[in-house]
Amino acid sequence: RSFQLDYEKDCFRKDGAPFRYISGSIHYARVPRPAWRDRLLKMYMSGLSAVQVYIPWNYHEPLPGVYDFAGDRDVEAFLDLTAELGLLVILRPGPYICAEWEMVSPSTQTWDRGEFLSLSPAYLAAVDSWLHVLLPKIKPRLYQYGGNIISVQVENEYGSYYACDYEYLQHLLGSFRALLGSEVLLFTTDSTQAEELRCGTLQGLYATIDFGPGSNITESFGAQRQVEPKGPLVNSEYYTGWLDYWGEVHASTSSAQVAQGLEDMLQMGANVNMYMFHGGTNFAYWSGADFKDQYKPVTTSYDYDAPLSEAGDPTEKLFAIRTVISKFQPLPVGPMPPATPKYSYGRVALKKYADLLSVLDVLCPSGAIQSQFPLTFEAIKQAHGFVLYRTQLPWDVPDPTTLGSPPHSICDRGYVMLQQEYQGTLERDGLTTLRVTGRAGDTLDVLLENMGRISFGANISDFKGMLGNISLGSSLLSNWLIYPLAIDTAIKQGWPHAAQPQSSNGGTAGPAFYTGTFETPGIAWDTFVKFPGWSKGQLWINGFNLGRYWPSRGPQQTLFVPSSVLHVDRPNNITVLELEGA
């Protein structure tokens, strides 16, 4: 068994015969495990010969030396399923992946000052220890050894990163070769920009490119030919759609345009991977962010306007693509599996359980950290979610006075309470001041939310929390109590449904928990949650964190609820953390 490059005939060779792949991207971390088979089967029935798969490092190593490959994180089970269904795999194990995925946080990965993608000894030690855990799981699944992984990408669009460090790529190449053997086909992917191709490619790694349906195909492959004069033409990310950012219009790309571009590339004999074929969902806190003149957090939905929708349903775009594929290779025999059944479970009444400030003992059992000035999430080893910063007003403030933060110091949103009364929200690249009045000794609380770390470009050491000192008038506030909140831990253990309800003030402004239950009429089907009259927050059903909702900002209005999180035989518990007001 072999999978090789043929520089004479400009193609791949599989077991010696010329081979061309038509592939689609799917991210197992964005799809609940019970749905993996359905999505992969639909990809196979669309005529794809391969799937392209990212492995997110921080999904599997949440803390240095702590590994998680269980349940939804069982990448080996996912890879075995692709093999069972007759799909080849193009693997992209990073260590860096972009993918609009919540970026690795420096604290959780042992290095300081955000020394990503570099020769810093601490970073390379972390990378090497990770690769020594991951790649031995991959090696037996390589095509040469009887598996279905035909190629492995080293790094990810490294040319788009400012460092342009060949020694770093060389180090990775050495690690991949040492751990995967000399046979496996290793490659890189970069945009068609000459500068990015110069910095992202390396001798010994086959250079591929990425571009979308709007591009000039001849020019784009011309860019690949500048760095790889011979060998197969490969578009590793042909964009079927695009992602959404909070507060912007929903992105979409026409089916006709996507299908035409695909046909033109296949006509040239090119190998194509469609990014995404199925986007899925950024559950919990996994949505990342981009930086384009300003911080742009990505929505919970990663639908991507892809051929398979967020819920895994075949779209018009899928059938247009399938028709194109059928002109170049035979389609599998049989019908396309249908859309998953959906059910409308109706309205659910939620009761306010407690203000967030009244349950700090539950959410932060380890107690507060004392610090003269604020510390970042990273400094207190909190990767995701929320941290509460508390201090007291140092003097009486009888007249409205500015409470302010320097630019880029609230990362990413700060919900401000004075004497437990919600005052408003400070926002990165948005509102950075509020006017307050109060008395000496009044408690000032600022709840900081990480909305997702920047996952592309030069800004990827994206620290979270309060990065600078908040001032009242012209004076800096000091002597903070900092509470890292373990909300998910509490909810997974049955709180607050298992607890006695708190007596809380009846107001609905500011961060508070709301609970409710609903029963299914004996069927657990996929559904969606709508939030009429709610502002912004986080939703859990039966302890599963379904992600952020923010209908007031949009464009996303509903959250996808996979059937696998629902109970048929007992009530379903809903918990909502509303941050601004219901």
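The values are calculated or read from the model by the stated rules, or taken from the named source; none is laboratory data. As the structure is a prediction and not an experimental result, all values here were calculated from the model. Heads up, the Cβs are rebuilt from the backbone with ideal geometry, glycines too, and the neighbour counts pull from every protein chain shown. For accessibility, only protein heavy atoms count, side chains too; no ligands or nucleic acids. Shrake-Rupley method; radii C 1.70, N 1.55, O 1.52, S 1.80 Å.
Considering only protein heavy atoms, what per residue accessible area in square angstrom results for the chain with a 1.4 angstrom probe? The partial results should precede the final answer.
Details: 21800 Å² over 582 residues.
Solvent-accessible surface per residue comes out at 37 Å².
Taking the alpha-carbon centroid of each part, what is the distance from segment 526-554 to segment 162-227 in angstrom?
Computed from Cα coordinates, the inter-centre distance equals 39 Å.
Net charge around ILE149, counting only other residues with Cβ within less than 13 Å of its Cβ (Lys, Arg = +1; Asp, Glu = -1)?
Here the charged neighbours net out to +3.
Assuming 0.36 nm per residue, please report the length gained on full extension of the stretch ARG435 to LYS351 beyond their Cα-Cα distance.
Details: separation 84, 0.36 × 84 = 30.24 nm, distance 3.10 nm.
Contour length minus the Cα-Cα distance gives 27.1 nm.
Straight-line reach from LYS139: which lysines fall under 19 Å, measuring Cα to Cα and dropping same-chain residues less than 8 apart?
LYS14
Quick one: net charge around ALA99, please, counting Lys, Arg +1 and Asp, Glu -1 for every other residue with C-beta under 14 Å from its C-beta.
Working: positive: ARG30, ARG92, ARG453; negative: GLU100, GLU102, GLU155, GLU157, ASP210, GLU237, ASP290.
Here the charged neighbours net out to -4.
Any idea how far the Cα center of segment 1-37 sits from the one of segment 374-437, in Å?
Rounded to whole Å, the Cα centres lie 49 Å apart.
Tell me, for the chain, which Cys residues have no other cysteine's C-beta sitting closer than 4.7 Å.
CYS11, CYS98, CYS364, CYS411
Students often check this: by mean Cβ neighbours within 10 Å, which of 52-60, 544-552 ranks highest, and how do the rest follow? Mind showing how you got there, number by number?
Numbers: 52-60: 22.2, 544-552: 20.7.
Result, highest mean Cβ count within 10 Å first: 52-60, 544-552.
Per residue of segment 334-340, what does 6.51 cos²θ - 1.76 cosθ + 1.60 with θ = phi - 60° give for ³J(HN,Hα)? Whole Hz please, x for Gly and Pro, Karplus curve as stated.
3J(HN,Hα) across segment 334-340, in whole Hz: x, x, 5, x, x, 4, 5.
Check each of the trypsin sites (Lys or Arg not before Pro) in segment 440-520 and keep only those in coil by DSSP with at most 14 other C-beta atoms within 10 angstrom; list them in order. Could you put the intermediate results ahead of the total?
Numbers: sites: ARG453, LYS464, LYS492; in loops: ARG453, LYS464.
Filter output for segment 440-520: empty list.
Can you flag which of LYS351/LYS492; LYS296/LYS530; LYS292/LYS317; LYS464/LYS492; LYS352/LYS492 are past 27 Å Cα-Cα? Show your work: numbers first, answer last.
On the way: LYS351/LYS492 19 Å; LYS296/LYS530 23 Å; LYS292/LYS317 29 Å; LYS464/LYS492 24 Å; LYS352/LYS492 19 Å.
Where the Cα-Cα span goes over 27 Å, the pairs concerned are LYS292/LYS317.
Going by the alpha-carbon gyration tensor, a ≥ b ≥ c the square roots of its eigenvalues, is segment 2-58 rounded (a/c under 1.5) or, if a/c is not under 1.5, prolate (a/b greater than b/c) versus oblate?
Details: a/c = 3.54, a/b = 1.96, b/c = 1.81.
Since a/c reaches 1.5 and a/b is larger than b/c, the shape of segment 2-58 is classed as prolate.
Can you pull the percent of the chain's accessible area that's carbon plus sulfur, 1.4 Å probe, other chains left in place? Provide the component values of the computation, followed by the final result.
Working: 11130 of 21800 Å².
The value for the chain is 51 percent carbon and sulfur by accessible area.
Using the Karplus equation 6.51 cos²θ - 1.76 cosθ + 1.60 (θ = phi - 60°), what ³J(HN,Hα) coupling, rounded to whole Hz, does each residue of segment 85-102 give in order, writing x for Gly and Pro?
For segment 85-102, the Karplus-derived couplings read 8, x, 9, 7, 10, 9, 9, 10, x, x, x, 9, 10, 6, 6, 6, 8, 3 Hz, x marking Gly and Pro.
For segment 3-327, what relative contact order do you get, as a whole percent, if you take Cα pairs closer than 8 Å and at least 6 residues apart? Numbers along the way, then the final one.
Values: 633 pairs, mean separation 62.2, N = 325.
That works out to 19 percent.
List every residue whose amide H lies under 5 Å from the amide H of TYR206, counting only residues 5 or more places away in sequence or on a different chain, with H placed 1.01 Å from N in the peptide plane.
Residues meeting the amide H criterion: LEU186, PHE187, THR188.
Considering the zone a paramagnetic label at VAL333 would reach in this model (a point 7 Å from Cα along the Cα-to-Cβ line), which residues of segment 31-61 have amide N under 17 Å from it?
Taking a point 7 Å out along Cα→Cβ of VAL333, the residues of segment 31-61 whose backbone N falls under 17 Å are 45-47.
Compare the peptides 12-20, 508-516 by average per-residue count of other Cβ atoms within 10 angstrom and give them in order, highest first. Walk me through the intermediate numbers first.
Values: 12-20: 14.7, 508-516: 21.3.
Sorting 12-20, 508-516 by mean packing, highest first, produces 508-516, 12-20.
So for the chain, considering every pair of alpha-carbon atoms, how many percent are separated by more than 45 Å? Show your work: numbers first, answer last.
Values: 32651 of 169071 pairs.
It works out to 19 percent of all Cα pairs.
About the Cα centre of the chain, what is the dipole size in debye to 20, counting +1 per Lys and Arg Cβ and -1 per Asp and Glu Cβ, all else neutral?
Numbers: 43 positive and 59 negative charges, 209 e Å.
In total the dipole reaches around 1000 debye.
Mind ordering 348-360, 323-335 by average Cβ neighbours within 10 Å, highest first?
Details: 348-360: 17.2, 323-335: 11.8.
Answer by packing, highest mean first, reads 348-360, 323-335.
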